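Structure first, then comments.
The values are calculated or read from the model by the stated rules, or taken from the named source; none is laboratory data. The shown structure was predicted, so the numbers you read here are calculated from the model rather than taken from an experiment. Glycine also receives a Cβ, built like all others from the backbone with ideal geometry; neighbour counts cover every protein chain displayed.
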Amino acid sequence: MHIPDGFINAPTSLAAGAVAAGGVGVSLRRAAQTLQERQAPLAGLVAAYIFAVQMLNFPVAAGTSGHLLGGLLAAVLVGPWAGALCVAVVLLVQALLFADGGLSALGLNIVNMALVTTWGGYAVFLLLRRALPATRASVTAAAGVAGGVSVVLASLAFVVEYAIGGTGGAPVGTVFAAMVGVHTLIGIGEGIITALTVAAVLAVRPDLVYGAADLRTPLVLDVTPGGPAREVS
Amino acid sequence: MRSNLRLFLAGGLLVALGLAMLVSGFASSAPDGLNKVAGDHGIAASAKQHLFENGPLAGYAVKGVGNDRVSTAISGLIGVLVTFGIGLALFALLRAMRSGPGSGKGAAPTRAP
């Protein structure tokens, strides 16, 4: 879903750049406040994993492919603030090193794939978590469904950008129908990959999953006089 | 606990490298959803060339490497390591800012000295 240079006009791209900078700024501040010590290296790994899986285009329909966007996955693993930064790092590396995603469109791409997927997707994830029982299976299911929805949200963000500053001649309604249609299919792939990844991390290190923090066994303090407080697992 | 986390990170990085270097060779080369829609509806014509179109790694291919699989694998290796490095540095920096003077509200001590 990387927008190349030229699809969206300069003023709209510039405005999106400002929105992206603001969103990244907020994420930096909030992540600095909330990121747990053990989650810091995990966030680096999440970024690297998203880069890797974004290389794996899967076929969705005749002559069309899709790949993981990973924003919701990052949000569930390390939280929506650090998650947005993970995807922004991936997009930066892709645009600068691999010529994937236009430089003038970097703001647009950050808005769609780093902000809309993580924050919008995470809101959907939280709603689902509220409706489902507090179990690991629920976390996996909610992540999968929210991951799928996040792709459609990102495609809608593109349609909005196209409606404001699209340079092509296609009517907005046509682009809307085509984008939402194909990204619903891609969203199914996103949901499956997201659910599988979340399930795998939950199986190995459930304590590292931000979106499952409420399922964690509570901290038990050793109250022996003079004994140090420690985590009992 | 700490070595356990290291092990998890090392395992995760290996998985990422395996996906980017080996599985990527089997990825679909069809246009993605956005590019397909752009192609079908005449938007693609307005695309401009990327400034780094002729860069050494442009398009996930290494300039001068003839074998497609090898070229993609090297791109994946470089991309994963660079992304991991930038991510580690960024989040370590954010952590350092948090534990800086006067910040961090009531972080629980979880590590015995």
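A compact table of results
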read-out	value
Members of the stretch B:72-96 that are farther than 16 Å from A:Ala40 by Cα and surrounded by fewer than 17 Cβ atoms within 10 Å (Cβ to Cβ)	B:Leu77, B:Leu81
Per-region count, the stretch A:82-92, residues over 16 Å from A:Ala157 (Cβ atoms) and either buried (at least 24 other Cβ atoms within 10 Å of the Cβ) or at pLDDT below 95 (or both)	6
Complete set of residues in the stretch B:18-52 that are facing chain A (nearest Cβ under 7 Å), surrounded by 20 or more Cβ atoms within 10 Å (Cβ to Cβ) and farther than 23 Å from A:Leu185 by Cβ	B:Ala20, B:His50
Options A:Val198, A:Val175; residue that is of a type in the set (A, V, I, L, M, F, W, C), part of a helix (DSSP H, G or I), modelled with pLDDT of 95 or more and under 22 Å from the mean Cα position of the chain (by Cα)	A:Val198
Qualifying positions in the stretch A:183-199 - buried (at least 24 other Cβ atoms within 10 Å of the Cβ) and either within 10 Å of another protein chain (Cβ to nearest Cβ) or within 15 Å of A:Leu156 (Cβ to Cβ) (or both)	A:His183, A:Ile186, A:Gly187, A:Glu190, A:Thr197
The lone exception for A:Thr167 - which of (1) surrounded by 20 or more Cβ atoms within 10 Å (Cβ to Cβ); (2) at pLDDT below 95 it fails	(1)
Within the stretch A:3-85, helices (runs of 4 or more DSSP H) holding 3 or more residues that are under 14 Å from the mean Cα position of the chain (by Cα) and within 7 Å of another protein chain (Cβ to nearest Cβ)	A:39-54
Condition met for A:Leu185 (under 20 Å from A:Ala123 (Cα atoms), modelled with pLDDT of 95 or more and assigned to a helix (DSSP H, G or I))	no
